[in-house]
């Protein structure tokens, strides 16, 4: 059996004294889309950050293409094809859109040619004509799209999107769903998508994990998900 | 009257640029690492003593080029010390309470003072300026010391060098990014620890360089380290903690207020610096310019 692109095996994660993730296991195969559904505080962001090693203290095994990265510093993991787009966007306000995009070029893996700012912006019609705008001049929606575009700049093997639709107008969410499908087809990147918006997640991915109180409570295809919908509803409702 | 005012302005600018030279590295390090390095003045003093020691061993007189060159050497030497201090002290101070930072860097200042006393003694020393910087020229009826021109030029040069580094060089842009959001910088594969080390090395280098440039401005003694940063603290507080441009503007502002104050009320020299500092803190407690190195 070949190793999946990413495997999280029996991971516990902690913030100081609080135990956030409990024996979480998860796999993402190359070029596939995986949704991670769960309520606020279920542990979605903590799992995303744990995969990058950026924040929580993690106990357990994390493998990238079969090699352990559990003890690799976060900045090196970011250079190994793992690209996390955090839920709070974190656009640098003091530089232009183009410079925000250019800064991510350094995260490209060895031998991979990163996207230029113009190439990355061209993936999303909403960014057209904004390259010279400063980060602080963008609307929330524009910042979110920019954050996703920035995540794609290093041509990651796995894009980790943390609630990209949060706070966005429905029309922008629709656009983004269409763009994500196109971008994934073009780039061949796998996607791990933390979401509360089930229809958006369904549009962008092929399989589902549901997390609740730091434990994985469901894993399967969208068909399995629908078959278990009644049982899963309580893990999703707000 | 006009000429009196011009003379006061020249005085103010000299004071301001001397202050900015001290403040530049201090505010850069604060902006990026949020460490207020109490020992900054100590390392500045070390730079001054290095130039003094070199001048003495060469017979007491340095040419202008030699003086500049050895100021740069002092800067480089202190920059290397910065790397050592980072490894031994500062890395342990990441994310700890400010009180510990204060105590640790104050202890470092005492250590540097002790080393200076041990090597050069507790007494005072003088560094002669290079010959071309001795004396003054007339600009109309006002007298402008050559040394003032040198200090003002050095201050402006350091401002432009730092501004270019931060806004136009790629390591400088990373330093800015880390100052604003170290976590996101990490996610973009920036080695934040290395950026911290680079910043500390530059900050210490600026201290050593300033020490060299200002060495001939005043007598050297082991108390210089503590004294020299008081005014610099004023400039970085008024300028907005962590802002290089802010420190530059604040130094000029404080210099002008203090010089004109002293001209009008000659019985209280130096007091207007504190008056201006207090007034600024009442009016704009966050300083002239935001809170980052970048604005």
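Tabulated results
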read-out	value
Subset tally (residues that are in a strand (DSSP E or B) and either more than 24 Å from residue A:204 (Cβ to Cβ) or in contact with a helix residue (DSSP H, G or I) (Cβ under 8 Å, 6 or more places away or on another chain) (or both)) for segment A:1-41	21
Among (1) more than 14 Å from the chain's Cα centre (by Cα); (2) surrounded by 24 or more Cβ atoms within 10 Å (Cβ to Cβ) - the single one residue B:253 does not satisfy	(2)
Qualifying positions in segment A:42-52 - part of a helix (DSSP H, G or I) and more than 23 Å from residue A:3 (Cβ to Cβ)	A:44, A:45, A:46
Residues being in a strand (DSSP E or B) and surrounded by fewer than 22 Cβ atoms within 10 Å (Cβ to Cβ) - total across segment A:192-212	2
Residue in segment B:98-121 that is farther than 28 Å from residue B:242 by Cα, more than 14 Å from chain A (Cβ to nearest Cβ), out of contact with any helix residue (DSSP H, G or I) (no Cβ under 7 Å at 6 or more places or on another chain) and assigned to a loop (DSSP other than H, G, I, E, B) present	yes
Qualifying positions in segment B:154-172 - out of contact with any helix residue (DSSP H, G or I) (no Cβ under 8 Å at 6 or more places or on another chain) and either closer than 22 Å to residue B:217 by Cα or more than 14 Å from chain A (Cβ to nearest Cβ) (or both)	B:157, B:160, B:161
All positions within segment A:58-79 that are assigned to a loop (DSSP other than H, G, I, E, B) and at the interface with chain B (Cβ under 9 Å from one of its Cβ atoms)	A:73, A:79
Boolean, residue A:158 is buried (at least 21 other Cβ atoms within 10 Å of the Cβ), touching a strand residue (DSSP E or B) at 6+ places or on another chain (Cβ under 9 Å) and farther than 17 Å from residue A:121 by Cβ	yes
Flag for residue A:55 being over 14 Å from the mean Cα position of the chain (by Cα), closer than 20 Å to residue A:13 by Cβ, modelled with pLDDT under 95 and part of a loop (DSSP other than H, G, I, E, B)	yes
Options B:151, B:175; residue that is assigned to a helix (DSSP H, G or I), within 14 Å of chain A (Cβ to nearest Cβ) and modelled with pLDDT of 90 or more	B:175
Condition check for residue B:52: in a helix (DSSP H, G or I) and modelled with pLDDT of 95 or more	no
From A:9, A:39, A:27, residue being away from every other protein chain (no Cβ under 14 Å), without any contact (Cβ under 8 Å) to a residue 24 or more places away in the chain and either in contact with a strand residue (DSSP E or B) (Cβ under 6 Å, 6 or more places away or on another chain) or farther than 25 Å from residue B:177 by Cα (or both)	A:27
Check on residue B:74, assigned to a helix (DSSP H, G or I), modelled with pLDDT under 95 and either within 17 Å of the chain's Cα centre (by Cα) or surrounded by 16 or more Cβ atoms within 10 Å (Cβ to Cβ) (or both)	no
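So that you can scan it fast, the table gives a plain yes or no per residue for (1) in contact (Cβ under 8 Å) with a residue 60 or more places away in the chain; (2) surrounded by fewer than 17 Cβ atoms within 10 Å (Cβ to Cβ); (3) more than 30 Å from residue A:89 (Cα to Cα):
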{"position": "B:126", "(1), (2), (3)": "yes, yes, yes"}
{"position": "B:134", "(1), (2), (3)": "no, yes, yes"}
{"position": "B:138", "(1), (2), (3)": "no, yes, yes"}
{"position": "B:159", "(1), (2), (3)": "yes, no, yes"}
{"position": "B:199", "(1), (2), (3)": "yes, no, no"}
{"position": "B:203", "(1), (2), (3)": "yes, no, yes"}
{"position": "B:209", "(1), (2), (3)": "yes, no, yes"}
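Here's the yes/no breakdown for (1) in contact (Cβ under 8 Å) with a residue 60 or more places away in the chain; (2) closer than 20 Å to residue A:143 by Cα:
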| residue | (1), (2) |
| --- | --- |
| A:160 | yes, yes |
| A:167 | no, yes |
| A:189 | yes, no |
| A:207 | yes, no |
| A:210 | yes, no |
| A:214 | yes, no |
| A:223 | no, no |
| A:227 | no, no |
| A:235 | yes, no |
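The values are calculated or read from the model by the stated rules, or taken from the named source; none is laboratory data. Here the structure is a predicted model, which is why all the values come from computation and not from measurement. Backbone-built Cβ (ideal geometry, glycine too); neighbour counts: all protein chains shown.
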